[in-house]
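The values are calculated or read from the model by the stated rules, or taken from the named source; none is laboratory data. Computed from a predicted model, the values in this text were never measured in an experiment. Every residue, glycine among them, receives a Cβ derived from its backbone with ideal geometry; neighbour counts consider all protein chains shown. Calculation scope for accessible area: heavy atoms of the full protein, side chains included, ligands and nucleic acids excluded. Shrake-Rupley method; radii C 1.70, N 1.55, O 1.52, S 1.80 Å.
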Amino acid sequence: MSGLTRLRAVFHLPRTLRWRLFLILFAGLAAAHALSFAVLFAERSMSAKATMLTTLEYDVATSIALLDRLPAAERPQWLPMLARRNYRYELGSGQPGMPELSARATEIAETINAAAGSRFPVRVETIPGQREHLQAHVTLSDGSQVTIDILPQLMPLASWLPYVLALQLGLVLLFTWLAVRLAIRPLLRFAGAAEALEPGKTAGRLDESGPAEVAYAASAFNAMRDRIAHYLQERVQILAAISHDLQTPITRMKLRAEMAEDGPEKDKLTADLSEIERLVREGVAYARSAHGDVEKPARIDIGSFVASLAFDYQDTGKPVSYAGNLDAVVTTRPHALRRILTNLVDNALKFAGAAEIEIDRTAEGVVAIAVLDDGPGIPPDQLDAVLQPFYRLEQSRSRDTGGTGLGLAIAQQLAGAIGGKLTLSNRPQGGLRAEVRLG
């Protein structure tokens, strides 16, 4: 792994757009803030240095001229008055130093030389130590030595400046977060609207107010949803029309088949016509299942509802048992729920010969209705595929085992239309578990 790859593996962008935008904006603003502070500090340093050198030049010229004119006996009493924060005057040769000078020391030496002029020889040296320390040795007219002891330093930073910088960074952080939140909010609204966009469900239209781009996107999304709803409605109408138009020729063909002589061919023709008729009915039922919300919701005793469904099967001699004693009232669409459970029970009876219905409440308080069987089950890699329309595990398309491939698809689509969820899983002891969770 190369160094660049390792660096990318350690310093990678967050997965969410919110945090990516936040980091990019905050990094840019923080860098601009740091650059502004650096430029301000550099300008302040240059200004302070220029002020120090100018003050040093005029002050040294005046002080040396004054000390040169004073009698030698009076010079010591003037030294405290001539001292400044960065430098002071001493009588004598001072401390031994080195002639090597830094860039700033060279500027100070040139300033002192210019201030002293040609009348007073000046020699500037560096005094060893951790802090920069200079001494300028000046020879007066009478030959006596005056030493200028210099400790160069800029004006200290104000004690309140770090707090101001911290406050500025805090404001940058706050307003960056607010800006990212305002920019991401329309995307979250679009994502929520896209998740709520399901066939057969009505949802409120997106608000088309706000910035021009957001309003245009919301208007386009609402128009797209209207077109999808229109196409779905057209699909139902087309299938209903096809079903209606096919019923007449199918009925005529059945009558003609009944009038034909008895024999194997007559039986095959009658079975084929019945299969065609059933396929048409199932196709229309699947198309209409996308609009499960046309039925008005009603409050039902879910335990009694499921028990009555099981008893109806038992009355016709079907081996359907019922387990569970849940006393709960739910608000749902009864006809759609009955169609879901009927399809699941019929599927269990077809492939296992018997079915068991269980009803219970999950730990989250959701009502769960499960249809169990002891059949062959479904391969794990096809549990999701069998919920798609016209998908059948039995590829022979036998009328006895294959069916139309729409029973589970209708149940799954109706479950979503009434606000529930259908899941399939294989039982450990064998067989299939089809569970419908309401709400």
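Rounded to the nearest whole Å², what accessible area per residue is found for the chain with the 1.4 Å probe?
Values: 26340 Å² over 439 residues.
Here the residues of the chain average 60 Å² of exposed surface.
Compared with the direct C-alpha span, the chain from Y391 to T362 gains 7.4 nm at full extension, assuming 0.36 nm per residue.
Assuming charge only on the beta carbon of Lys and Arg (+1) and of Asp and Glu (-1), the dipole of the chain about its Cα centre is about 720 debye to the nearest 20. Pairwise Cα distances in the chain exceed 27 Å in 74 percent of cases.
The count of lysine pairs in the chain whose Cα atoms are under 21 Å apart, excluding pairs fewer than 8 places apart on the same chain, comes to 6. The figure for R339 is an accessible area of roughly 80 square angstrom, using a 1.4 Å probe on the protein chains alone. In the chain, taking the dipole from charged Cβ atoms about the Cα centre, the farthest positive-side position among L66, V386, A38 is held by L66.
Relative to the current alpha-carbon distance between A42 and M98, full extension at 0.36 nm per residue lengthens the span by 17.2 nm. All other residues whose Cβ lies under 13 angstrom from that of L91 are scored, Lys and Arg at +1 and Asp and Glu at -1, for a net of -3. Taking the Cα centre of the range 43-189 as origin and assigning +1 to Lys and Arg Cβ atoms and -1 to Asp and Glu Cβ atoms, the resulting dipole is close to 1040 debye. Working from label points 7 Å from Cα in the Cα-to-Cβ sense, the L279 to L174 distance is 7.0 nm.
Within the range 119-144, find all residues whose amide N lies under 20 Å from a label point positioned 7 Å from the Cα of R85 along Cα-to-beta-carbon. Once the point is set 7 Å along Cα→Cβ of R85, 131-134 turn out to lie under 20 Å by backbone N, inside the range 119-144. When W19, W160 are compared by accessible area at a 1.4 angstrom probe, the order from most to least is W160, W19. When only the Cβ of Lys, Arg, Asp and Glu is charged (+1, +1, -1, -1), the dipole of the range 225-384 relative to its Cα centre reaches about 700 debye.
Projected onto planes of every orientation and averaged, the convex hull of the alpha-carbon atoms in the range 254-388 covers 11.7 nm².
Probe radius 1.4 Å, ligands and nucleic acids left out: which of Y391, Y87 has the largest accessible area, and how do the rest follow? Intermediate values should be presented prior to the final figure.
Working: Y391 80, Y87 15 Å².
Reading off the accessible areas and sorting them downward yields Y391, Y87.
Could you look at the chain and say what percent of its accessible area is carbon and sulfur, using a 1.4 Å probe and all protein chains? Before the final figure, lay out each step's value.
Numbers: 15810 of 26340 Å².
Carbon and sulfur: 60 percent of the exposed surface of the chain.
Working from Cα pairs under 8 Å separated by at least six residues, relative contact order for the range 29-173 is 24 percent. Against the longest principal axis of the chain, how steep is helix 212-259, in degrees 0 to 90 to the nearest 10, with axes from Cα atoms? Tilt relative to the chain: about 10 degrees.
Rounded to the nearest 10 degrees, the angle from helix 407-417 to the longest Cα principal axis of the chain is 50 degrees. Expressed as an acute angle from 0 to 90° and rounded to the nearest 10, what is the orientation of the C-alpha long axis of helix 334-352 relative to the principal long axis of the chain? Here the helix axis deviates by roughly 70 degrees.
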